Protein chains: 2
Amino acid sequence: MATKKFINEPDSVVDDALQGLVKTNRNLRFHPSCKRVLLRIDYGEHVANGKIVLLAGGGSGHEPFAIGFIGKGLLTGAICGDVFASPPSNHVLAALEETRGEAGTVLFVINYTGDRLNFGLAAEKFKKSGGKVRVVVIADDIALENVENRIGSRGLAAATLIMKVAGAMTEAGKSLDEIADYAEKLNGRCATLGVSLYPCSLPNRPPMFELEQGKMEVGLGIHGEPGKSREDLRPARGIIPLMMDTIIGSQAVTNHQNHPLILLLNNLGSVSQIEMGILRGEIVNYIMDLKQEVSLFYQGTFMSSLDGKGISITAMRADDQVIKYLEFATDAEAWPRAFPGSAFNSFEQRLPDRVEDEKQMIERKGATLRKEEADLVKKCVQSACHALIEKRDFLNDLDGAAGDGDCGQTMAHAAKCILEANESLHWQNPASLLSQLAAIFQETVGGTGGAIYALLLEAASGSFEESAHPENWSHGLEIGLKAITEYGRAQPGDRTMVDTLHAVVDYMKRGSSFTNSQTIKEIGEIAKKAAESTATMKASAGRASYTAEAVQTKPDAGAMAASIWIGAICQKINGQISK
Amino acid sequence: MATKKFINEPDSVVDDALQGLVKTNRNLRFHPSCKRVLLRIDYGEHVANGKIVLLAGGGSGHEPFAIGFIGKGLLTGAICGDVFASPPSNHVLAALEETRGEAGTVLFVINYTGDRLNFGLAAEKFKKSGGKVRVVVIADDIALENVENRIGSRGLAAATLIMKVAGAMTEAGKSLDEIADYAEKLNGRCATLGVSLYPCSLPNRPPMFELEQGKMEVGLGIHGEPGKSREDLRPARGIIPLMMDTIIGSQAVTNHQNHPLILLLNNLGSVSQIEMGILRGEIVNYIMDLKQEVSLFYQGTFMSSLDGKGISITAMRADDQVIKYLEFATDAEAWPRAFPGSAFNSFEQRLPDRVEDEKQMIERKGATLRKEEADLVKKCVQSACHALIEKRDFLNDLDGAAGDGDCGQTMAHAAKCILEANESLHWQNPASLLSQLAAIFQETVGGTGGAIYALLLEAASGSFEESAHPENWSHGLEIGLKAITEYGRAQPGDRTMVDTLHAVVDYMKRGSSFTNSQTIKEIGEIAKKAAESTATMKASAGRASYTAEAVQTKPDAGAMAASIWIGAICQKINGQISK
């Protein structure tokens, strides 16, 4: 089954992508007569100034290589073949001719036979007509390092580092041979290895090979070909040492032990950002264990393999000159900033040993209740808790009809935690008490439900800073309701607990006395009626707003839960009054 | 089936990724007591200097948002929840407390209920203890613009643009209210819409929903939830107008008609670079058709949805101030450079109408043959062509045993093209003739095989610049062989056509006379013998080098093809001599 892609026709993939770049990046233009050759907009001036021309290219499907690296301080132009296919030599020759200058040209070839031949043929023709060109073949893959093969290693992401150095050297006025010789020298100091979890797929084609669940491909190239070996998938902390051991042990890296490393973590196409972050961390862990010095670390998409879900790591043995050149400014769009390795070592001091995530210790604060008042508050709260525990299944059933069916359970859990916290709660200080209850909801319930009650209680606690009269409770509920409508966005009529609370606050604002048994009884009844009325409401916020209306024929679970604890409190108060 | 990922344990995904960032980016550090809060390394100085603090965050899985945007000129810190889950409010409060300053803090909330509540609760507590904070809720999704929902639009990638503006404003010394008010104003000028081809998957989980072949999800958010509608998959040039029509027609965009647009193309996680390039181009096509003015265009991964294969496009109505702020420098690692929209308009003049890819016109050049010599050359070439055509199936069979089975076919095709080109070939000028033959191989055969012959012939043509004696042919073959061993890397013994050519060149270098019938006959025999001897060779280069040795028991097809045309030429010359 072909992998779905954001493309037009499969045949127009390369041309459409090149046009996308040229249409948006004002530093780029097409060759005057070849739409597969992209050039720096100011290549004429570059050549006229006697600067060395840098060209690279090969099959497409490896973006941003090479087109994303065209710019001041990097490539002068790039020649693009079809997906995973070498461009014909007359396109390479067209690029050479168009940028022909007295100073000469470095033509970078990523080592694949087709590219070597087509770029080589173009270079030979160019030389025959008097052109100055040095062909630099980049070969950095170490997957098959010990396998005898005259073709040499495959060319992988090291090309991007080497081209960057060469680009800075052109700006520094170096000669053709200086640049080409140094690039070849650097190639001998580079090692790259790839690992993939899923293969890529060509336009309108299924994935290029089968890679079973639980397996990963090690030592693959960038053309969707299988790798050197297929191994059991392991965690990131196992994959990185597997790769780094091979890379650090390669000839290119061991031959220059006394130089610090430059590391490049390359996304082969479709690895997510969170995974790239994890891999970055594991590379640092490995490096610090090994006590290797790293001068620069790069992470990004440098040389991809279409939509392959894999990575490659390139190591280059550095010297001071290389670092200077890598850090030299460029306006090539795909060149990212580097992370200096010197940051690696200072890290361990900065990492906290442990998250401090304990329940906040809440101090006694605000106005104080008389002993008998505090006892009533305690009885009310405990009564509310018992009622919620008792109605657990009822609330779960209501919630199951429209939401995720856990309203009863989460409310009962919070209630249990409050009952258990009994001794540590500041019953005489409502401001403290409400903050403590808020913390319990936040920590034991969590999620949206926990946050709504935490917000309600925390805001309400503000009502008791100066005084703790009966009307402070009514005011507290009012400012609590205000807070949850502000941050939760539900309004009366939206089929949420706001319907219950709003009805109660509205009734209490009429100024009834809270020592009047009839008033208290009415509050409980109003709450219940308001909660039940949500049965006929359309959900515009909260748990049920994403659910089809057809299933919403019962009252909202959250609204009913509020009426349950309000009802229990009212009953307890009336019991006290009637004594 | 769970999607394979580069992770350690599913539970450690967020912490591992955060550590990866802090371990590599020296501008970042952890909160002293919370490992889910990342801060600018110099946040203390920032606060001490009286600058406004900017905090953002939410569930993880949207990287680089928000952690990648911490840096000078952007965020002061970020609070990270579990994957797709709001952070608890005490973590938000810890971030607020740690960066508490006299100037105040803007707390950005990406509009989801859980974040609104948890960030809101933290802000309320912070205010209660005297903290200055403005909560700015970003809501830019227009998928459900006309659906009544009190919760408001979802918060998507517009947050990154708005945060960037706010970051520049902090550096410009603006006040808390100036920044928060302007951020809220900008939110009213933003519209975002997403489209996805494949859903994302949580760590160790299968894809979050089923999205059939041939379908795409339109109007989705960033939490793996299904979108507003499921539509037939269309080409990129159909997807972009579908998205842009909705975006351009949204209230936020239509309400400010007189301002130019800022556009942001966001990769939701795993769209390949070549696809992103195509989409960029289609956006410009749409904009130019519509004659809308674009001031800045951004492309990259700003706010992802784990490994979702989708994109979102954000439009913001600009003003001069916004542009200045967006272009203000930042060292946040994930902030990319913008492409100025002014480049869009100058594009059409720069695009070549058509690729000029015609066969090169090759001039007469080099030394000239006598009429009878030219006739012999013609007869030899034609005889070689007929022999290759005749041996088509034989060569295909040889090639099929070790390679892709098309050697006979491609050689016969080239031979036919040479025979057809008869009239236009410069038979009296070997330098021109060989270049013409090279061009025919390059254009009609292509690939590696075509390139090798093109290289051989093009290099050999160099032998006839000054003279056209019989020994120039021998010298031409020698320099041709040198060229293909240089660029093709095969050496004698590697089981390629080089074995045939090398044996012949080696024999001819011994200085035998080319008018001697016996010598000519021997050349043909040596070629045949050399080609046949490849049967026992191990392939180290060329078509067979990636194939198991067991199947290589017959001679190499390329080596045999070379012996066939050499043999045919020798036979023709001897026929002439014996006349």
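Brief remarks on what is shown
- Filter result (within 9 Å of another protein chain (Cβ to nearest Cβ) and in a helix (DSSP H, G or I)) within the stretch B:484-503: B:ILE484, B:GLU486, B:TYR487, B:GLY488
- Residue in the stretch A:294-312 that is touching a residue at least 12 places away in the same chain (Cβ under 8 Å), farther than 24 Å from B:GLY68 by Cα and at the interface with chain B (Cβ under 10 Å from one of its Cβ atoms) present: yes
- Test result for B:HIS475, more than 14 Å from chain A (Cβ to nearest Cβ), in contact with a Leu (Cβ under 7 Å, 6 or more places away or on another chain), farther than 19 Å from B:GLY558 by Cα and open to solvent by 20 Å² or more (accessible area, probe 1.4 Å): no
- Residue that is farthest from the chain's Cα centre (by Cα) [pool: residues in the stretch A:165-177 that are assigned to a helix (DSSP H, G or I) and surrounded by 15 or more Cβ atoms within 10 Å (Cβ to Cβ)]: A:LEU176
- Residue pairs meeting the criteria (Cβ under 6 Å; at least 6 apart or on separate chains; first within 11 Å of another protein chain (Cβ to nearest Cβ), in the stretch B:59-70; second open to solvent by 10 Å² or more (accessible area, probe 1.4 Å) and acidic (Asp, Glu)): B:GLY68/B:GLU333
- Residue within the stretch A:327-343 that is among the aliphatic types (A, V, I, L, M), at pLDDT 95 or above, touching a Cys at 6+ places or on another chain (Cβ under 7 Å) and open to solvent by less than 10 Å² (accessible area, probe 1.4 Å) present: no
- Members of the stretch A:442-452 that are within 10 Å of chain B (Cβ to nearest Cβ) and either under 17 Å from A:CYS380 (Cα atoms) or in contact with a Cys (Cβ under 9 Å, 6 or more places away or on another chain) (or both): A:GLU443, A:GLY449
- Single residue of B:ALA503, B:ALA460, B:ALA451 found to be of a type in the set (Gly, Ala, Ser) and farther than 28 Å from B:SER578 by Cβ: B:ALA451
- Output for the stretch A:16-42, where each listed residue is surrounded by fewer than 23 Cβ atoms within 10 Å (Cβ to Cβ) and more than 9 Å from chain B (Cβ to nearest Cβ): A:ASP42
- Residues located in the stretch B:60-101, provided they are touching an Asp or Glu at 6+ places or on another chain (Cβ under 6 Å) and surrounded by 24 or more Cβ atoms within 10 Å (Cβ to Cβ): B:GLY68, B:SER86
- Unmet criterion (only one of (1) more than 20 Å from B:ASN25 (Cβ to Cβ); (2) open to solvent by 20 Å² or more (accessible area, probe 1.4 Å); (3) at pLDDT 95 or above) for B:GLY104: (2)
- Selection count where residues are at pLDDT below 75 and away from every other protein chain (no Cβ under 14 Å), scope the stretch B:538-570: 3
- Residue pairs meeting the criteria (Cβ under 8 Å; at least 6 apart or on separate chains; first free of Cβ contacts under 8 Å to residues at least 12 places away in the same chain, in the stretch A:94-117; second open to solvent by less than 10 Å² (accessible area, probe 1.4 Å)): none
- Failed item, numbered, when A:LYS482 is tested on (1) under 24 Å from A:GLN571 (Cα atoms); (2) out of contact with any His (no Cβ under 8 Å at 6 or more places or on another chain): (1)
- Of the strands (runs of 3 or more DSSP E) lying entirely inside the stretch B:192-306, those carrying at least 2 residues that are among the hydrophobic types (A, V, I, L, M, F, W, C) and buried (at least 23 other Cβ atoms within 10 Å of the Cβ) are B:261-267, B:294-300.
The values are calculated or read from the model by the stated rules, or taken from the named source; none is laboratory data. Keep in mind that what you see is a predicted model, and the values were worked out from it rather than measured. All Cβ positions, even for glycine, are placed from backbone atoms using ideal geometry, and neighbour counts span all protein chains on display. SASA here: full protein model, heavy atoms, side chains in, ligands and nucleic acids out. Shrake-Rupley method; radii C 1.70, N 1.55, O 1.52, S 1.80 Å.
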